[in-house]
Amino acid sequence: MTVLALETSCDETAVAILRGSNGDSAAELLASEVASQIAAHEKYGGIVPEIASRNHLVHAPRLLKRATLEAKIDMTQIDAFAATSGPGLASSLMIGASIAKGLAIGFSKPYLAINHLEGHLLSPFFGEGEVRRNVSLVVSGGHTMSIFVRGLADYQLIGRTVDDAAGEAFDKVAKMLGLGYPGGPEIEKHACGGDPARFDLPRSMLDSDNSSFSGLKTAVRYLLPKLHGDFLADLCASFQQAIVDVLVRKTIAAAQKYDVDLVTMSGGVSCNRELRRQLAEASVRAGFDFKSAEAWLCTDNAAMIAFAALLRLQAGFESKVTEEIDPNLKVA
């Protein structure tokens, strides 16, 4: 089976082609193309939906052509077409879903509407034939949640942020500090060599399944006017450590509560090296295996959408082309 998928949930335009086989979910990535829009949105300090959707229309046809050339495949050889149907920006989701639906209709092939968060959830198992029972931390620009994964399409939400996602907090604090966009990599870069214990920043809702990062962001805002001299590295390190402490503690607690033997992590913020290192070490100390999606799969991409679609296709799932996008789509 060969699946072509599009991902246009936010500001990245992506196309991927993935080949598997009946009865075996192990997959070969034939092509993965991504067009970033960071430069287009950087001057605004965040995503502008109208600019994002216009750029998807520009990039998608070019990426489709590049992907098929790279895969050395013709559209008639595609067995199913897939696209992210939510959550995300409505004006962006509409572009990828419309293209995938049109291709499915035009070539009389199945269409699969894929949840963006399920793409992240499954990405630690990319190319493998089995999705093991696990507790997963999905942490990105717009989402921070822990999920109990029993298997494909069988998910239970454990907890989520009640306000800002971790990635949003990184972006907003980076903007306060006059750093670039996106904020996560900028803060991580400046945190190198900083003292994470210099500033005592809050760790909210530590005994709850849910999380909150708005208070942490506000604490930085009130602290800044009192600071003078060389404080940037220490403040970035202290802020980063506060987020890492919360995410690690809650994820390990959830894994213990749901009696799993595997902890997984995915999403754009999971590229943070301190978060990866500390969650991996905490998992091992607590007796859990740890599995994180490869860095290139953590930011928005179509390869993870194609993988989720392939697993669903092999399990007998299929979507109707009349299915609407859902900007607020839930995964559990």
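Just so it is clear, none of the values below were taken in a lab; they were calculated from the coordinates. Predicted model only: the values in this text are computed from it and were never measured. So basically every Cβ, Gly included, is an ideal-geometry build from the backbone, and we count neighbours across all protein chains shown.
Collect residues whose amide H, placed 1.01 Å from N in the peptide plane, falls under 5 Å from the amide H of Phe290; neighbours closer than 5 in sequence don't count.
Answer set, sorted by chain and number: Val263.
Per-residue HN-Hα couplings for the range 123-131, Karplus 6.51 cos²θ - 1.76 cosθ + 1.60 at θ = phi - 60°, whole Hz, x for Gly and Pro?
Once rounded to whole Hz, the list reads 4, x, 9, 3, x, 8, x, 9, 9.
On a 0 to 90° scale, report how tilted helix 90-106 is relative to the longest principal axis of the chain, with both axes built from alpha carbons and the result rounded to the nearest 10.
Taking Cα atoms only, the helix is inclined about 20 degrees.
Going out from 0 in 10 Å bins, what whole percent of all Cα-Cα distances in the range 139-253 drops into each bin?
14, 45, 28, 10, 2, 0
Under the Karplus relation 6.51 cos²θ - 1.76 cosθ + 1.60, θ = phi - 60°, what is the ordered set of whole-Hz ³J(HN,Hα) values for the range 264-272, x standing for Gly and Pro?
Residue by residue, the range 264-272 yields 10, 8, 7, x, x, 5, 5, 6, 4 Hz.
Given the options His116, His59, His228, which has the most mean-square fluctuation in a GNM of the chain, springs set between C-alpha atoms less than 10 angstrom apart?
His228
Could you work out how much longer the chain between Asp74 and Asp195 gets when fully extended? Use 0.36 nm per residue separation minus the Cα distance between them, nm to one decimal.
38.1 nm is the gain from fully extending Asp74 to Asp195.
Between the range 129-182 and the range 209-272, what's the alpha-carbon centroid distance in Å?
11 Å
If the elastic network links every pair of Cα atoms under 10 Å, which of Asn115, Asn134, Asn210 fluctuates the most in the Gaussian network model of the chain?
Of Asn115, Asn134, Asn210, the Gaussian network model singles out Asn210 as fluctuating most.
Using +1 at the Cβ of each Lys and Arg and -1 at the Cβ of each Asp and Glu in the chain, identify which of Ala16, Phe81, Thr299 lies farthest towards the dipole's positive end.
Looking along the dipole axis, the top candidate is Thr299.
Using only the alpha-carbon atoms, how far is helix 214-223 inclined from the longest principal axis of the chain? Give it as 0 to 90 degrees, nearest 10.
Orientation of helix 214-223: about 40 degrees from the principal axis.
Work through the residues other than Gln77 whose Cβ is under 11 Å from its Cβ and net out their charges, Lys, Arg +1 and Asp, Glu -1.
Combined, the nearby Lys, Arg, Asp and Glu give +1.
Quick one: helix 49-71 against the long Cα principal axis of the chain, what's the angle to the nearest 10°, folded into 0 to 90?
50 degrees
How much of the DSSP beta bridge set in the range 119-277 is antiparallel, as a percent to the nearest 5?
For the range 119-277, the DSSP antiparallel bridge percentage is about 70.
Got a sec to turn the phi values of the range 196-205 into Karplus ³J(HN,Hα) couplings, 6.51 cos²θ - 1.76 cosθ + 1.60 with θ = phi - 60°, whole Hz, x for Gly and Pro?
Whole-Hz 3J(HN,Hα) from phi for the range 196-205: x, 9, 5, 10, 8, 9, x, 10, 7, 6.
For the range 134-292, calculate the relative contact order in percent as a whole number, restricting contacts to Cα pairs under 8 Å that are 6 or more residues apart.
28 percent
For a 22 Å ceiling on Cα separation, which of these pairs sit above it: Lys172/Lys257; Lys65/Lys109; Lys109/Lys291; Lys72/Lys320; Lys43/Lys101?
Too far apart for the 22 Å limit: Lys172/Lys257; Lys109/Lys291; Lys72/Lys320; Lys43/Lys101.
Once you've got the GNM for the chain with C-alpha springs shorter than 10 Å, pick whichever of Ser146, Ser108, Ser270 has the biggest mean-square fluctuation.
Ser108
Show that you can apply the helix-only estimate: for the chain, add -39,500 (n - 2.57) for every DSSP H stretch of four or more residues, divide by all residues, and state [θ] at 222 nm to the nearest 500.
So the helix-based figure for the chain works out to -13000 deg cm²/dmol.
Need the full-extension length gain, Ser36 to Thr322, defined as separation in residues times 0.36 nm minus the C-alpha distance. One decimal, nm.
100.1 nm
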